[in-house]
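The numbers here are math on the coordinates, done by the rules we state, and not lab data. Please read all numbers here as calculations on a predicted model, not as lab measurements. Cβ: placed from backbone, ideal geometry, glycine included. Neighbour counts: every protein chain shown.
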C-alpha cells in the first residue's frame, strides 16, 4: 500500500507541475495518477515516508533558491569573461573532497556543479569529485571546495545525509 500511495503522490505532483494548478487539472491529474499508479506500483522500488516529504520541501525551498543564486553568479562571471577577452583565465582540473556519503547526494552535487557555468564534473568516486574549472582559484583542495562546492554541500548534507 505504501508503494501505491508513494507512486500516486509522485505521479500527481509531476502532473500538477507539468500542467499547472487549476481545479480541472488537479482532478484529471488525480484520476490519471490513480489509474497509472494502480498499474505500475508493483514494479517500482521506492516508497516515501514523512521524512521524505520534509527532504523534498528542503530541496525545493532551500536548495533550489541557493542553486539558482549560484548559477546566476556563475553566468555573470562567464559572460564577463566572454565579453572581456583580455581577462586572464586559468583553466584546469581540480579534485574536491566531498563529505556527502549517499549516492543521490553526490549526484545532486555533481549535477549542480556541472549546471553551474564555468565548471564541469568529470568523475565522482567514494569521497572525491573531479572537476574541470574555467578559472582555477586557490591552491589546494580545501580552497577549491570553498570556491566550488561548499555552498551546495552545506544544504545537500542536510537533505541527503
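Quick notes on this one:
- Of the options (1) 19.8, 62; (2) 15.3, 45; (3) 17.4, 51, only one is Rg and Dmax of the Cα atoms in Å as computed from these coordinates, and that is (1).
- Relative contact order, percent, the chain [alpha-carbon distance under 8 Å, six or more residues apart]: 23
- A Förster distance of 41 Å, applied to the separation of the beta-carbon atoms of residue 128 and residue 86, puts the FRET efficiency at 0.75.
- Overall form of the range 18-61 per C-alpha gyration tensor (a/c, 1.5; a/b vs b/c): oblate
- Sequence ranges 105-112, 85-92, ranked by mean other-Cβ count within 10 angstrom, highest first: 105-112, 85-92
- Residues in the range 12-49 that a label on residue 114 would reach, taking backbone N under 11 Å of a point 7 Å out along Cα→Cβ: none
- Stretching the chain fully between residue 10 and residue 53 yields a gain of 14.4 nm (0.36 nm per residue, less the alpha carbon separation).
- Over the range 2-43, relative contact order from alpha-carbon pairs under 8 Å, at least 6 apart, %: 59
- Cα-based radius of gyration of the range 2-43 once divided by 2.2 N^0.38 Å, which approximates compact folds: 1.09
- Per-pair calculated FRET efficiency, R0 = 30 Å: residue 19 and residue 42 via Cβ, rounded to 0.05: 0.70
- Contour excess over end-to-end distance, with Cα ends at residue 104 and residue 137 and 0.36 nm allotted per residue: 9.1 nm
- With helices as the sole contributors, the chain gives -19500 deg cm²/dmol at 222 nm; each DSSP H run of n ≥ 4 counts as -39500 (n - 2.57), and the sum is divided by every residue.
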